[in-house]
Amino acid sequence: MFVEQDKAQVRIYQRWSALNDGVICMKHAALDGVEVPVDQAFKFEGFSLKGPGDTSLGAPLAIESDCHCNLSFIAVHPDGRRQAMDLETPRMLSNPYRGRLNPTSLVTLNDRTRARIVLGDGHTYATMRQTTPSTIEIIVNRRVVARASATGEEVTSITIAQGYEAQGIEKLIRDSVRHSARREWLR
């Protein structure tokens, strides 16, 4: 939602930050530090964005998916004095889909698979990749949160980082390994 500023004594600006929780969003590095009035949109690759994760003005999901950016707000007084405002970016801007997605249930593995997936909470985006024909990893924010080894259609070992146990990762890996091995038999 844009704020009408024509009646205000203080001008409010929003500042884009490509750094959030120690993670730099390389996708939006060009926007880092850019300030615009809160009643205007940021411009990026020819698209308008109200803030990180926003697609309401026509930006494609590819531009906003897996974004780690955030906004800060600055009040500029008539005398030019700048004052940081303690406001939080609305939660809806952190997820371009604005709601829960269906978690990924199966990925076909082919010894070099790299796939974008949605974890069990319906909000967390991750990458599933095979580092070797028998090793599968799940990566969230450049951090390996699960690693599994497989032989044939059996998962021989699996390690899941604390906090990700309830995300359906184990079932996703086991189902993907089983499906992919059976698919190979059909060839």
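Annotations for the structure displayed:
- Sites matching trypsin sites (Lys or Arg not before Pro) across region 104-186 that sit in DSSP coil, with at most 15 neighbouring C-beta atoms within 10 Å: Arg112, Arg142
- Ala84-Ala29 FRET efficiency (beta carbon distance; Förster radius 35 Å; 0.05 resolution): 0.95
- Distance between region 32-85 and region 117-187 - C-alpha centres, whole angstrom: 35 Å
- Treating r as the C-beta distance of Ala115 and Phe47 and R0 as 22 Å, the FRET efficiency rounds to 0.30.
- Under 5 Å between amide hydrogens, built in the peptide plane, is the criterion, and for Ala146 it picks out Ile138, Ala161 among residues at least 5 positions away or on other chains.
- Taking the Cα centre of region 114-186 as reference, the dipole from Cβ charges on Lys and Arg (+1) and Asp and Glu (-1) amounts to some 260 debye.
- Counting beta carbons within 10 Å around each of Lys43, Lys50 and listing the fewest first gives the order Lys43, Lys50.
- Each of Met128, Met26, Met85 was scored by other Cβ atoms within 10 Å of its Cβ. Arranged with the fewest first, they read Met26, Met85, Met128.
- Approximate spin-label separation Gln40-Arg15, in nm, with each point projected 7 Å along Cα-to-Cβ: 1.7 nm
- Order of His77, His179 under a 10 Å beta carbon neighbour criterion, fewest first: His77, His179
Quick note: the coordinates plus some simple rules give every number you see, no bench work behind them. If you're wondering where the values come from, they're calculated on a predicted model, not measured in any experiment. Methodologically, a virtual Cβ is constructed for each residue, glycine included, from the backbone with ideal geometry; neighbour enumeration extends over all protein chains shown.
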